[in-house]
Each structure stands twice: as C-alpha cells, then as structure tokens.
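A.B. asks: The structure that follows is given in the form of structure tokens.
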Amino acid sequence: MTMTLDDQARRILRMNDKGGYTLPTHGLYPYQWNWDSAFVAWGLATFDIPRAWDELDTLFASQWNSGMVPHIIFHQSDPGYFPGPDVWATGQSPETSGISQPPVAATMARLVWEQDKEKGHDRLKALYSKLLSWHRWWQEVRCTHGPAAIIHPWESGRDNCPDWDIGMADVDGSNVGDYTRRDTGHVDTSMRPTKADYDKYIAMVQFGVSVDWDQEQIVSEGPFLMADPGITFILLRAHEDLIVLGEALGEDTSEVQTWANNLRSSVSGIWNPNLQAYDARNLRTGEFAGILGSGAFLAYLANAGRPELDTQLMRAWNAVTYGIPSADPETPSFNPRKYWRGPSWPVMNALMAIGLKDAGRADLEKRLRDETAALIRKHGFYEYFDPLDATPCGGNDFSWTAAIWLTWAGQDDKGAA
C-alpha cells in the first residue's frame, strides 16, 4: 500500500528520533539543532503530544547558566562533523556550540500546549521558567542596541543570506588553518556556502573560543555584529506568546510585557527607507545591508507589517512560482538553489503564514500554503526548494519539513499519496 504524505512525514520524524531529540536529517546534521527541535515539537504534537514536550525538554536541558540555549547540542560523538565540539570548546556538558538560534520555542510551545491545554499544563509549567530565562538572555545580551543582534551568521538560522554580506566583508578568515567540511560530502557543493564564507565562519568561532565565550565581550569586540530583522520579529512574537503562556499559568508577565514593548518600539531602527522594507544593519558601522531578505517578511509574524512592505512582498513573491524566496529575486545576489541566497523554505513559509493568518489575510495565507504543499507533493520532504522550478535542494527526509506538512502545509491534502 502506498504511504500517504502524512504517513511519510510521521515516518521521517520517527526515523530521525534519537530518543528525546530529533535529528534534522541523517548524515548532514547528526546532532540536535535548536530551532529545528522547536518545529519538530510542533509536528510531533499532531500525533504524540508527550513526545513533543520531551523534544522541548531535551533542548532546554542544555541551557547555559546565563540563560542562552545553544544552537547545536552534541549529544553523542560524530567525529566526521565539522565544526564539532572540539572546535567550539565551550566546556558545556553535554558539549554545545557557543551561539544561539532563532527563539521560536515559546511560539512552538504555545502551539503544542494548545493541542491539549489540560494535559500540557504541568509540562508547560516546568518549561516556563526556562523559556523566561532564555528570553531574558536575548533582551539583556543581544538586544543592547534595540533590535535583536547576532554575533555570527549561523545564529540567525539563515546562514549565508545576502543580508550578512556587508558584515562578513569585515571578517578576516585567512588564518583559520586547515579543516575538512562535512556538508559538501552530503549535498551538492553549489548549494552550500563557499569556502571563503566558511573560513570567516570559523574565524568567528575561534574568536569566541579566544574570549572563553564571554558573550558581552563578543558583542562589544567580536568581528561580526548585525541587527537581524528575522530574529527581532521571531523574538517579538515569542515574547507575546510567552505572555499568553505565563498568564495561563498565573504568572506575573509584566517583565515580558516590558521586553515586548521595548522591542516593538525598536523596530523602526531596522526600517530602511531607501529599501522601503526592514533591513539588516551592521551595528559596527550603522550601514544597512540594502538587501530585501526573508527575515523582513517575518514582520507579519510579529504584527509589524506596513503597506510599503506589502508592496515589496508581492513584488518578490510574484517573481517566483513556489513560496516566498529567501532573497530578492530581482538582485544580482539571488541564487535559487544556494542555501539562503534564494530558495523557498517550507519552514519560513509556515512562520510567515502564521502572521498572515493572524492578520486576517486568508487569501495570502492560502496561496502560500498551496505553493508550499505543491513543493512537497512534487518532491517530498527536502530541506528547501528552488522557488522557480521546484527543484529539491539540501537534505532529504528533513524533520522540520515533515513537521510543517503535518501542522500546516498538508492541512488541505490529508490522505494524498
């Protein structure tokens, strides 16, 4: 019997399940990734709510004393992966990377909780203080300039998007030494960041090691610091979801409300009037990236849309066929198959769709869902896709794509084979 797409998606999540945490995909990503796990929890909640809470609990079990939740948790040895725990040298147990990732966990925890509020009450109560601590870390350590800032492109989750090019230009990657990448052994090299990019990524990691991962020193002196519209809007939405969760638990949410108010008031600092869109900004120089990226469109997730942004959204979206591209299709830097420099990502489409739906823009939400579903129906559960011709790219049997199908993209297609 042919498996339905729902069945295939559940099979992928079970296949990638390592017992308490889920791999993004085998081979390419052999550990636990922060925001991947948050989306996975959402997907798991469609058929196994206790396991969904386990996913979040395992993620937060490796939270640093500072409140930071790292972007990679190295639960078990995989010597072929680069950069592994020996390169990061954070001294955590289990070993982790030294940076964070987009804080979608509170938003996903709310979606899991809403599947069964009564049964999820105690699980949420146990998690809430950890979510609060992570949000406090973001506000106190990464929002010192107003909008949320990143100290490494990997922290954004949109690793090599054109938004970071102006900040990357100032990073010296010439002295990082020899290394062997693993990603290009699993995926077409043309789809991955270049060696020159990787040299600079590793230089940033080496700087972190050199200051013993002192986050304040990295912010003040590190080679890279950019305001990120994507994380700013994800964090703003997550603050507001955390308020809902806290109120349901009877918690005092005034601190979170203050964070949300302050962060919302700061978004004017990432509005580029020349671009007529939200834009990444180099906080070392004050310079805007001047690039329309998918992070700008996460404004809809945080109810921060503007008519001018609507115009830019429709221009970029109408220039492609499948979903919202990760970079502006009408710029020279656009590459429809190269990681975050152009492809359509089901996971990003889902986040934007949450915001569009909340704003009452059902027509746009449905268009985005239909286009995302078409990609998955055509080629399966790949990491991302060419937005022009639907060519599947990146890793296959990808956990968060399976999760997005179960929770959102496949809701009009249940039972399709």
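A.B. asks: Scan the range 114-167 for residues that are of a type in the set (K, R), crowded, with 20+ Cβ neighbours inside 10 Å and over 20 Å from the mean Cα position of the chain (by Cα) and jot them down.
C.D. replies: Once the filter is applied, which keeps residues that are of a type in the set (K, R), crowded, with 20+ Cβ neighbours inside 10 Å and over 20 Å from the mean Cα position of the chain (by Cα), the range 114-167 yields only R123.
A.B. asks: Mind listing whichever residues of the range 48-89 are aliphatic (A, V, I, L, M) and closer than 15 Å to L127 by Cβ?
C.D. replies: I49, A52, L56, L59, A61, V69
A.B. asks: Determine if the range 203-219 includes at least one residue that is open to solvent by 20 Å² or more (accessible area, probe 1.4 Å), in contact (Cβ under 8 Å) with a residue 12 or more places away in the chain, over 15 Å from I99 (Cα atoms) and not hydroxyl-bearing (S, T, Y).
C.D. replies: no
The rows are residues; the columns are (1) in contact with a strand residue (DSSP E or B) (Cβ under 8 Å, 6 or more places away or on another chain); (2) more than 19 Å from G410 (Cβ to Cβ).
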site: D328; (1), (2): yes, yes
site: P332; (1), (2): no, yes
site: R337; (1), (2): yes, yes
site: R341; (1), (2): yes, yes
site: V347; (1), (2): no, no
site: I354; (1), (2): no, no
site: R369; (1), (2): no, no
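A.B. asks: Return the total of residues in the range 377-406 being closer than 19 Å to L23 by Cβ and in a helix (DSSP H, G or I).
C.D. replies: Qualifying residue count, the range 377-406: 8.
A.B. asks: Determine, yes or no, whether P85 is under 26 Å from V176 (Cα atoms) and open to solvent by 10 Å² or more (accessible area, probe 1.4 Å).
C.D. replies: It is true that P85 is under 26 Å from V176 (Cα atoms) and open to solvent by 10 Å² or more (accessible area, probe 1.4 Å).
A.B. asks: Right, here's the next one. Please verify whether R367 is open to solvent by 10 Å² or more (accessible area, probe 1.4 Å), of a type outside the set (A, V, I, L, M) and in a helix (DSSP H, G or I), treating the condition exactly as stated.
C.D. replies: yes
A.B. asks: Could you list, in sequence order, all residues of the range 169-201 that are surrounded by fewer than 19 Cβ atoms within 10 Å (Cβ to Cβ), modelled with pLDDT of 95 or more and among the hydrophobic types (A, V, I, L, M, F, W, C)?
C.D. replies: The answer is A169, and nothing else.
A.B. asks: Starting from the range 373-402, take each residue that is without any contact (Cβ under 8 Å) to a residue 24 or more places away in the chain and list its partners that are part of a strand (DSSP E or B), counting only C-beta distances under 9 angstrom and pairs at least six apart or across chains.
C.D. replies: Filtered contacts from the range 373-402: K378/F385; K378/P392; H379/F385; H379/P392; Y382/P392; Y382/C393; P392/Y384; P392/F385.
A.B. asks: Taking the condition surrounded by 24 or more Cβ atoms within 10 Å (Cβ to Cβ), hydrophobic (A, V, I, L, M, F, W, C), assigned to a helix (DSSP H, G or I) and in contact (Cβ under 8 Å) with a residue 40 or more places away in the chain, does L111 pass?
C.D. replies: It is false that L111 is surrounded by 24 or more Cβ atoms within 10 Å (Cβ to Cβ), hydrophobic (A, V, I, L, M, F, W, C), assigned to a helix (DSSP H, G or I) and in contact (Cβ under 8 Å) with a residue 40 or more places away in the chain.
A.B. asks: Answer yes if at least one residue in the range 269-276 is part of a helix (DSSP H, G or I), out of contact with any Phe, Trp or Tyr (no Cβ under 7 Å at 6 or more places or on another chain) and surrounded by fewer than 24 Cβ atoms within 10 Å (Cβ to Cβ), and no otherwise.
C.D. replies: Within the range 269-276, one or more residues are part of a helix (DSSP H, G or I), out of contact with any Phe, Trp or Tyr (no Cβ under 7 Å at 6 or more places or on another chain) and surrounded by fewer than 24 Cβ atoms within 10 Å (Cβ to Cβ).
A.B. asks: Another question, then. Filter the range 220-268 down to the residues that are open to solvent by 20 Å² or more (accessible area, probe 1.4 Å) and acidic (D, E) and list them by number.
C.D. replies: E221, E240, E247, E251, D252, E255
A.B. asks: Only residues that are under 16 Å from A402 (Cα atoms) and either of a type in the set (S, T, N, Q) or open to solvent by less than 50 Å² (accessible area, probe 1.4 Å) (or both): list them for the range 11-31, please.
C.D. replies: Those that are under 16 Å from A402 (Cα atoms) and either of a type in the set (S, T, N, Q) or open to solvent by less than 50 Å² (accessible area, probe 1.4 Å) (or both): I12, L13, N16, Y21, T22, L23, P24, T25, Y29.
Rundown of residues vs (1) open to solvent by 40 Å² or more (accessible area, probe 1.4 Å); (2) in a loop (DSSP other than H, G, I, E, B); (3) not acidic (D, E), yes/no style:
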{"residue": "A9", "(1), (2), (3)": "no, no, yes"}
{"residue": "W35", "(1), (2), (3)": "no, no, yes"}
{"residue": "W42", "(1), (2), (3)": "no, no, yes"}
{"residue": "Q63", "(1), (2), (3)": "no, yes, yes"}
{"residue": "G80", "(1), (2), (3)": "yes, yes, yes"}
{"residue": "P94", "(1), (2), (3)": "yes, yes, yes"}
{"residue": "I99", "(1), (2), (3)": "no, yes, yes"}
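A.B. asks: Then there is this: Just give me the residues in the range 279-331 being under 20 Å from the mean Cα position of the chain (by Cα) and β-branched (V, I, T), in sequence order.
C.D. replies: Passing the criteria: I291, I324.
A.B. asks: Tell me which of these T311 doesn't satisfy, since it passes every other one: (1) β-branched (V, I, T); (2) open to solvent by less than 20 Å² (accessible area, probe 1.4 Å); (3) without any contact (Cβ under 8 Å) to a residue 60 or more places away in the chain.
C.D. replies: That leaves (2) as the condition not met.
A.B. asks: Please state which of the following conditions R110 fails to meet, knowing it meets all the rest: (1) of a type outside the set (A, V, I, L, M); (2) touching a Lys or Arg at 6+ places or on another chain (Cβ under 7 Å); (3) closer than 24 Å to G355 by Cα.
C.D. replies: Status for R110: all satisfied but (2).
A.B. asks: Sticking with this structure for a sec: I'd like the full set of residues that are under 22 Å from E55 (Cα atoms) and polar (S, T, N, Q), limited to the range 366-417.
C.D. replies: Once the filter is applied, which keeps residues that are under 22 Å from E55 (Cα atoms) and polar (S, T, N, Q), the range 366-417 yields N396, S399, T401, T407.
The values are calculated or read from the model by the stated rules, or taken from the named source; none is laboratory data. Note that the structure is a prediction, hence the values are computed from the model and not measured. Note: ideal-geometry Cβ built from the backbone for every residue, glycine included; neighbour counts use all protein chains shown. Side chains are part of the model used for accessible areas, which takes the heavy atoms of the whole protein and leaves out ligands, DNA and RNA. Shrake-Rupley method; radii C 1.70, N 1.55, O 1.52, S 1.80 Å.
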